[in-house]
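S.K.: One structure, pasted below without further comment.
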Amino acid sequence: MFQLSRHGLRVVPLLFAIVAVIATPADAQQVAVEEFRLENGMEFLLVPRRDQPNVVSAGWVARVGSVNERPGITGISHFFEHMMFKGTDTIGTRDPAKDARFRAEQKAIRDEINRIVWTKQYDRFFKGEIDDPWNPANDTQQLRVLRARLDDLIRAQQGRGPGGEAAGTIVKDEFDQVYTRGGGSGMNAFTSNDITCYFITVPSNKLELWAWMESDRLNGSVFREFYSERDVVHEERRLRTESTPTGKFEEQFDAMFWASSGYSWPVIGWTSDLNSYTFEQAQEYWNVYYRPGNVFGVLVGDFDPAEAKKLITKYFSRLKPGDRAPPPVVTLEVQQLAEQRMIASGDFPPAVDIRYHTVPAGHADSYALDMLAEVLNERTGRLYAGLVEGRGIAAGASTYSDTRKYAGLFAVSAQARGDATPEDLELAWYEELAKLQAADVPDRELRKVKNRVAAGNFRKLESNMNLFIQLAFSEALLDWREINEGPAKYESVTAADIRRVAKKYFDSTNRSVAIYRRKAN
Amino acid sequence: MNRRMFLVLVMSLTPMAVRAADPAKIPARPEQLEFAPLAFEPPAAADYRHVLTDGTVVFLAPSKELPLVKLSITFKGGGSLDPADAPGLAAFTAQLIREGGTDAMKPTEFDEALDFLATEVGVSAGDTFTTASMNCLKSNFDESLKLFLAMLRSPGFDAGRLDTTKAQRLAQLAERNDDAAAILAREWKRLAFGADHFEAAEPTADQVKALSRDALAAMHQRIVHPGNAIIAVSGDFDEKKMLAALEKALAGWQRGPDAPDPVAPTAKLSPGLYHVPKDIPQGKVVIGKRSIERDDPDAIPLVLLNEILGAGGFTSRLMQKVRSNEGLAYSVRSTIQPRVTYPGDFRAGFESKNATVALATKIVMDEIRRIREELVSEDEIETARRGLVETFPRQFESKPAMLQVFVNDEWTKRPADFWKTFRTKLEAVTAADLQRVAKKHLDPEAMAIIVVGDWDAIAPGDLEKRASMKEFFGGKVIHLPLRDPLTLDPLP
């Protein structure tokens, strides 16, 4: 009932692709959003709604994700998501000055550890003397001493050292405690390739608490537990990627699919980078991306907009505008010239994933690509009719168009049924694709898909949090108005458009194929 | 004149707004903020409850917010009704009711008709209830309801769809050992409730293959009829018209008896240390025991205790000790899931890299002992209590969620004053109460520890030798076999 998966969603690939469509735009519910901008550049989207009384879903989005990273600091956007819950000079410590000294001492030791690992341990690793430069089991005597000193300092700061609680400076997880007492629920955050989003649901009378807490952490997060929190992220990586049947293979498939773009590395980061972030890199990242001009707030629920604007002005005006704009993401994905293929075996059912490079969010073709996915999906879609029921070779099959900020992909996946092989599924998909390239989708089929997408336009408004997430992605990738303007664009997609994109993006040289086979025991 | 006055008013307000933005005015600590009171009384089911002429109970909550109607029918019984030789029959029946068309429409025809209307329909069976739901545009309600009821009253159980669904189910069975989390969940249920009880029972491949149309039809007869149904409708509709539409839709539908209560498990959990093999770089652990029934007088103090121990997110003790202090796990929590008619379970769970599974287990066991031995501080109780009291309204927030509470309460005969008195009872819980229920219900010696992972890497413990698996139950480990995913027989 109260189970939490804090920092849960790392990637939300489908939400934006699903931003709904409406059959008859005249009927479309227009989401009434009030924009509100502070002098420091921070923008807020306000959506008062009364249907769910007494609560507000509130949060903010930093326009930064793993795509803004570079080799050496992959995963740092996600790591920030963890740091943002660790407090400021007010929240999370009973002695900020002493706490700062602890942090400085920890930094000095960790910098020294990193320096030794990057030189000596990497060197031993390259020569084949050790299997992993970061594994403490391979530590030199000098490293062992340093690591023990760092651990002692971390414990002392937590009040678990020789001086006991009185000598410690941390008030553990105070950020969460304050919200818990205040009736906050569903406090969480996620990092995707493009955005980092922090959110909570608070009682309507606690909007000021939200403004206090969020402006405090945006104003002065101190990256407390900068070193020890890495162990948690390593466990998160083991949990999500390394201990799941397909996690590591999906990561490799991403790395193979994207050649030059920043989408090639995982949101959670490569293990070596996760160990390596320095405090300076974090500070730099913070100064560039967590400034009011690069962050926007979203409120959806039962609140008075005039009152909300007063509170927002009072609290968020204290944020100082940054002194430089975030650097543009300049590296474009290069054109793929030849089919790429990955063959994986492990503890998973026989399956195939096929991907094509397409277009970013907002591209004129993105609407037709979404409609193409809709034609293929669901119980009455062509994949079910063709692969699951017709040929009887798939247990399931689905597709999605994932249009991100700087590039996009179209993915098809299918799981084998009975004795069918992944290659059988792959061939069947090519046959279905050929039909879509050869003839227009019939009117009634297109109408059906448009009806479904139109109803989805209402369904997406059913919960405050769902609307919050839609607005977060729309505004960060394009413009929040897309939530109201998108439906007409989807409605105007024609059968000829669908056929055109089916021909344009689905060449064999533009595809990457992952074949999954069950490993024999 | 009016306009001028308005302007003056605005001008006189502006300096105040500027003063309000003065950072000096921001209180130093969040505790200094003052909040307007927010009164909340839980809604009463009786205000939403109607009874059709045939006796069927209907809960209605209209709202004009969106042009949608959501209708759900909750039938009593699910896996609890499965015969011993056909585990999963109720779930499979529910799926086929949805997949198999109607006696008058082939599945593809039926699905096309619904999809063209953009109406979403689902049927699923859980352990003790089966739910059929429909979500449609209000303009399509009549037509959608007709299709929905045709499906429920006379499902087609189409032979082709039966084959396809069996093939899908068999493909799922083959994945049984792929994910360590699924292995852990399965083995926990077998230990806690017994492999034959419906909570734990799972079909073999042969049992899936043997499922017949007749068996599905019989299960359908047993579950899906108005004598065994409670209806809930939310969305944009007129109450009178809705009641009339439902009267008409149910007319002539034979009412049978309601399904029997679920059978209580007879198995007793044997405390001890258990291991199931899986080659992953992280051990996954559950530490738990059977717990209480829902209406147990200790339920409310136990919920509060569990909040403090491991359910309260970052504020809980397990999260602070295992994750936040030691960095040993990403996710660590405890849950109490009482069952309505028999004792449910308590579980603490986490996952940690192989070398620190023992250390994290030790910390969790120590925290369970500590919460029994030391009184919880008033401050900690107050934080957890405020959290539960302040978030109490949330379960009634959305209309569909509120109606689901009413439906569950009606089916399970929850005491009528439960929600009304919940917060008062919570406020009355003392530190001594918490200690009493901790001693009574959380004895670590009565718990089982199950570890899924690579035992050779896990057993020795951490580099610093802070803990090893030898510390638990005298180091005596019971190695449970992985089971063949299709036959469920132990693998060598």
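The values are calculated or read from the model by the stated rules, or taken from the named source; none is laboratory data. Just so it is clear, the model here is predicted, and its values are computed rather than measured. Cβ coordinates were reconstructed from backbone atoms using ideal geometry, including for glycine residues, and neighbour counts include every protein chain displayed.
S.K.: Among A:Leu4, A:Leu45, A:Leu15, A:Leu9, which is the only one that is closer than 20 Å to A:Leu311 by Cβ and either buried (at least 20 other Cβ atoms within 10 Å of the Cβ) or at pLDDT below 95 (or both)? Lay out the reasoning, then the answer.
M.R.: Numbers: A:Leu4 fails: closer than 20 Å to A:Leu311 by Cβ; A:Leu15 fails: closer than 20 Å to A:Leu311 by Cβ; A:Leu9 fails: closer than 20 Å to A:Leu311 by Cβ.
Just one listed residue meets the conditions, A:Leu45.
S.K.: If I ask for residues that are crowded, with 21+ Cβ neighbours inside 10 Å, small (Gly, Ala, Ser) and more than 12 Å from B:Ala259 (Cα to Cα), which ones from the stretch B:79-90 would you list? Walk me through how you get there before you give the answer.
M.R.: Step one: list which residues in the stretch B:79-90 are crowded, with 21+ Cβ neighbours inside 10 Å, which gives B:79-82, B:87-90.
Checking the rest, the ones that are also small (Gly, Ala, Ser) come to B:79-80, B:88, B:90.
Those that are crowded, with 21+ Cβ neighbours inside 10 Å, small (Gly, Ala, Ser) and more than 12 Å from B:Ala259 (Cα to Cα): B:Gly88, B:Ala90.
S.K.: Looking at B:Val357, is it closer than 30 Å to B:Leu68 by Cα, within 14 Å of chain A (Cβ to nearest Cβ) and at pLDDT 95 or above? Break it down into steps so the answer makes sense when it comes.
M.R.: Working: closer than 30 Å to B:Leu68 by Cα: no; within 14 Å of chain A (Cβ to nearest Cβ): yes; at pLDDT 95 or above: yes.
For B:Val357, the condition - closer than 30 Å to B:Leu68 by Cα, within 14 Å of chain A (Cβ to nearest Cβ) and at pLDDT 95 or above - is not met.
S.K.: Turning to a different aspect of this structure: Restricting to the stretch A:237-269, name every residue that is more than 30 Å from A:Thr358 (Cβ to Cβ) and within 18 Å of the chain's Cα centre (by Cα). Steps first, please.
M.R.: Taking the stretch A:237-269 and keeping what is more than 30 Å from A:Thr358 (Cβ to Cβ), we get A:238-239, A:243.
Across the stretch A:237-269, the qualifying residues are A:Arg238, A:Leu239.
S.K.: Looking for something away from chain B (no Cβ under 14 Å) and crowded, with 20+ Cβ neighbours inside 10 Å - is there at least one such residue anywhere in the stretch A:201-211?
M.R.: Within the stretch A:201-211, the subset away from chain B (no Cβ under 14 Å) is none.
For the stretch A:201-211, residues away from chain B (no Cβ under 14 Å) and crowded, with 20+ Cβ neighbours inside 10 Å: absent.
S.K.: Inside the stretch A:236-282, can you point out the residues that are free of Cβ contacts under 8 Å to residues at least 24 places away in the same chain, within 19 Å of A:Arg70 (Cβ to Cβ) and among the polar types (S, T, N, Q)?
M.R.: Hit for the stretch A:236-282 is A:Ser264, nothing else.
S.K.: Can you tell me which residue in the stretch A:162-172 is nearest to the other protein chains (Cβ to nearest Cβ), limited to those that are in contact with a Ser or Thr (Cβ under 7 Å, 6 or more places away or on another chain) and surrounded by fewer than 23 Cβ atoms within 10 Å (Cβ to Cβ)? Spell out the reasoning first.
M.R.: Keep residues of the stretch A:162-172 that are in contact with a Ser or Thr (Cβ under 7 Å, 6 or more places away or on another chain), which gives A:169-172.
With the extra rule that they be surrounded by fewer than 23 Cβ atoms within 10 Å (Cβ to Cβ), the set shrinks to A:169, A:171-172.
On the way: A:Thr169: 14, A:Val171: 11, A:Lys172: 5 Å.
Across the stretch A:162-172, the extreme among qualifying residues is A:Lys172.
S.K.: Return a yes/no flag: does the stretch A:375-391 have any residue that is closer than 30 Å to A:Gly186 by Cα, of a type outside the set (D, E, K, R) and within 14 Å of another protein chain (Cβ to nearest Cβ).
M.R.: no
S.K.: Also: For the subset of the stretch B:382-397 comprising residues that are within 7 Å of chain A (Cβ to nearest Cβ) and closer than 12 Å to B:Leu426 by Cα, which member is surrounded by the most Cβ atoms within 10 Å (Cβ to Cβ)?
M.R.: Across the stretch B:382-397, the extreme among qualifying residues is B:Gly387.
S.K.: Sort out which residues of the stretch A:174-189 are at the interface with chain B (Cβ under 7 Å from one of its Cβ atoms) and either within 23 Å of the chain's Cα centre (by Cα) or assigned to a helix (DSSP H, G or I) (or both), and write them in order of number.
M.R.: Matches in the stretch A:174-189: A:Asp176, A:Gln177, A:Val178, A:Thr180, A:Arg181, A:Ser185.
S.K.: If you go through the stretch A:146-166 one residue at a time, how many are in a helix (DSSP H, G or I), charged (D, E, K, R) and farther than 21 Å from A:Thr278 by Cα? Give the steps one after another, and end with the answer.
M.R.: Here is the first cut: in the stretch A:146-166, the residues in a helix (DSSP H, G or I) are A:146-157, A:164-166.
With charged (D, E, K, R) added as a condition, the list becomes A:147, A:149, A:151-152, A:155, A:165.
Filter once more, so that each one left must be farther than 21 Å from A:Thr278 by Cα: A:165.
Qualifying residue count for the region: 1.
S.K.: If I ask for residues that are of a type in the set (Gly, Ala, Ser) and surrounded by fewer than 18 Cβ atoms within 10 Å (Cβ to Cβ), which ones from the stretch B:431-458 would you list? Write out each step before concluding.
M.R.: From the stretch B:431-458, those of a type in the set (Gly, Ala, Ser) are B:431-432, B:438, B:446, B:448, B:453, B:457; that's our starting set.
Correct list: B:Ala431, B:Ala432, B:Ala446, B:Ala457.
Residue-by-condition table, conditions (1) over 30 Å from A:Asp216 (Cβ atoms); (2) surrounded by fewer than 12 Cβ atoms within 10 Å (Cβ to Cβ); (3) within 14 Å of another protein chain (Cβ to nearest Cβ):
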{"site": "A:Ile312", "(1), (2), (3)": "no, no, yes"}
{"site": "A:Phe316", "(1), (2), (3)": "no, no, yes"}
{"site": "A:Lys320", "(1), (2), (3)": "no, yes, yes"}
{"site": "A:Pro326", "(1), (2), (3)": "no, no, no"}
{"site": "A:Glu333", "(1), (2), (3)": "yes, no, no"}
{"site": "A:Leu337", "(1), (2), (3)": "yes, yes, no"}
{"site": "A:Gln340", "(1), (2), (3)": "yes, no, no"}
{"site": "A:Phe348", "(1), (2), (3)": "yes, no, yes"}
{"site": "A:Ala351", "(1), (2), (3)": "yes, no, yes"}
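S.K.: Continuing with the same structure: Check B:Phe129, B:Phe157, B:Phe148 and return the single one that is away from chain A (no Cβ under 13 Å), among the hydrophobic types (A, V, I, L, M, F, W, C) and over 27 Å from B:Met242 (Cα atoms). Explain how you work it out, then say what you get.
M.R.: Values: B:Phe129 fails: over 27 Å from B:Met242 (Cα atoms); B:Phe148 fails: over 27 Å from B:Met242 (Cα atoms).
When all the criteria are applied, what remains is B:Phe157.
S.K.: Still on this structure, please answer the following. If you check A:Tyr289 against the conditions, is it under 25 Å from A:Val330 (Cα atoms) and out of contact with any Pro (no Cβ under 8 Å at 6 or more places or on another chain)?
M.R.: Numbers: under 25 Å from A:Val330 (Cα atoms): yes; out of contact with any Pro (no Cβ under 8 Å at 6 or more places or on another chain): no.
For A:Tyr289, the condition - under 25 Å from A:Val330 (Cα atoms) and out of contact with any Pro (no Cβ under 8 Å at 6 or more places or on another chain) - is not met.
S.K.: How many of the residues in the stretch B:205-224 are of a type outside the set (A, V, I, L, M, F, W, C), out of contact with any helix residue (DSSP H, G or I) (no Cβ under 8 Å at 6 or more places or on another chain) and touching a residue at least 40 places away in the same chain (Cβ under 8 Å)? Spell out how you get there, then give the answer.
M.R.: Start the filter on the stretch B:205-224 by keeping residues that are of a type outside the set (A, V, I, L, M, F, W, C), which leaves B:206-207, B:209, B:212-214, B:220-222.
Okay, now just the ones that are also out of contact with any helix residue (DSSP H, G or I) (no Cβ under 8 Å at 6 or more places or on another chain), so B:206-207, B:212, B:214, B:221.
Filter once more, so that each one left must be touching a residue at least 40 places away in the same chain (Cβ under 8 Å): B:206-207.
Number satisfying all stated conditions: 2.
S.K.: I would also like to ask the following. So which residues in the stretch A:412-423 are surrounded by fewer than 19 Cβ atoms within 10 Å (Cβ to Cβ) and either in contact (Cβ under 8 Å) with a residue 12 or more places away in the chain or at the interface with chain B (Cβ under 10 Å from one of its Cβ atoms) (or both)?
M.R.: Of the stretch A:412-423, the ones surrounded by fewer than 19 Cβ atoms within 10 Å (Cβ to Cβ) are A:418-419, A:421, A:423.
Within the stretch A:412-423, A:Gly418, A:Thr421, A:Glu423 meet the criteria.
S.K.: If I ask for residues that are over 23 Å from A:Arg341 (Cβ atoms) and not in a helix (DSSP H, G or I), which ones from the stretch A:233-269 would you list? Walk me through how you get there before you give the answer.
M.R.: Step one: filter the stretch A:233-269 for residues over 23 Å from A:Arg341 (Cβ atoms), giving A:233-240, A:242-243, A:262, A:267-269.
Scanning the stretch A:233-269 gives A:Ser243, A:Gly262, A:Val267, A:Ile268, A:Gly269.
S.K.: While we're here: Could you check B:Lys470 against (1) surrounded by fewer than 19 Cβ atoms within 10 Å (Cβ to Cβ); (2) within 14 Å of another protein chain (Cβ to nearest Cβ) and say which number it fails?
M.R.: (2)
S.K.: Working carefully through the options B:Thr315, B:Thr266, B:Thr335, find the one that is of a type in the set (Ser, Thr, Tyr), surrounded by fewer than 20 Cβ atoms within 10 Å (Cβ to Cβ) and assigned by TED's automatic domain parsing to the domain that holds B:Asp417.
M.R.: B:Thr335
S.K.: Considering every residue within the stretch B:37-46, establish whether at least one is within 14 Å of another protein chain (Cβ to nearest Cβ) and more than 30 Å from the chain's Cα centre (by Cα). Walk me through it before giving the result.
M.R.: Step one: list which residues in the stretch B:37-46 are within 14 Å of another protein chain (Cβ to nearest Cβ), which gives B:37-43.
Right, trim to more than 30 Å from the chain's Cα centre (by Cα) and you get B:37.
Yes, the conditions are met somewhere in the stretch B:37-46.
S.K.: Would you check which residues across the stretch B:165-181 are farther than 21 Å from B:Gln95 by Cα and out of contact with any strand residue (DSSP E or B) (no Cβ under 9 Å at 6 or more places or on another chain) and list them?
M.R.: We begin by selecting, within the stretch B:165-181, every residue farther than 21 Å from B:Gln95 by Cα; these are B:177-181.
The one that is farther than 21 Å from B:Gln95 by Cα and out of contact with any strand residue (DSSP E or B) (no Cβ under 9 Å at 6 or more places or on another chain): B:Asp179.
S.K.: Also: How many residues are within 11 Å of chain A (Cβ to nearest Cβ) and touching a helix residue (DSSP H, G or I) at 6+ places or on another chain (Cβ under 6 Å) when one looks only at the stretch B:290-307? Steps first, answer last, please.
M.R.: Within the stretch B:290-307, the first condition is being within 11 Å of chain A (Cβ to nearest Cβ), and the residues that meet it are B:303, B:306-307.
With touching a helix residue (DSSP H, G or I) at 6+ places or on another chain (Cβ under 6 Å) added as a condition, the list becomes B:307.
So the answer is 1.
S.K.: From the list A:Arg237, A:Arg291, which one is within 14 Å of chain B (Cβ to nearest Cβ) and either within 29 Å of A:Val171 (Cα to Cα) or of a type in the set (D, E, K, R) (or both)?
M.R.: Values: A:Arg291 fails: within 14 Å of chain B (Cβ to nearest Cβ).
Matching residue, one of A:Arg237, A:Arg291: A:Arg237.
S.K.: Moving to a separate point now. Being more than 12 Å from A:Leu153 (Cα to Cα) and without any contact (Cβ under 8 Å) to a residue 40 or more places away in the chain is the filter here, so list the residues in the stretch A:97-115 that pass it.
M.R.: A:Ala97, A:Glu112, A:Ile113, A:Arg115
S.K.: Tell me which residues, restricted to the stretch A:90-145, are outside any helix (DSSP H, G or I), crowded, with 16+ Cβ neighbours inside 10 Å, within 14 Å of chain B (Cβ to nearest Cβ) and not aromatic (Phe, Trp, Tyr).
M.R.: Across the stretch A:90-145, the qualifying residues are A:Thr90, A:Ile91, A:Gly92, A:Thr93, A:Asp139.
S.K.: Against the condition surrounded by 22 or more Cβ atoms within 10 Å (Cβ to Cβ) and more than 14 Å from every other protein chain (Cβ to nearest Cβ), how does B:Gly100 come out, does it pass? Walk me through it before giving the result.
M.R.: Numbers: surrounded by 22 or more Cβ atoms within 10 Å (Cβ to Cβ): yes; more than 14 Å from every other protein chain (Cβ to nearest Cβ): no.
It is false that B:Gly100 is surrounded by 22 or more Cβ atoms within 10 Å (Cβ to Cβ) and more than 14 Å from every other protein chain (Cβ to nearest Cβ).
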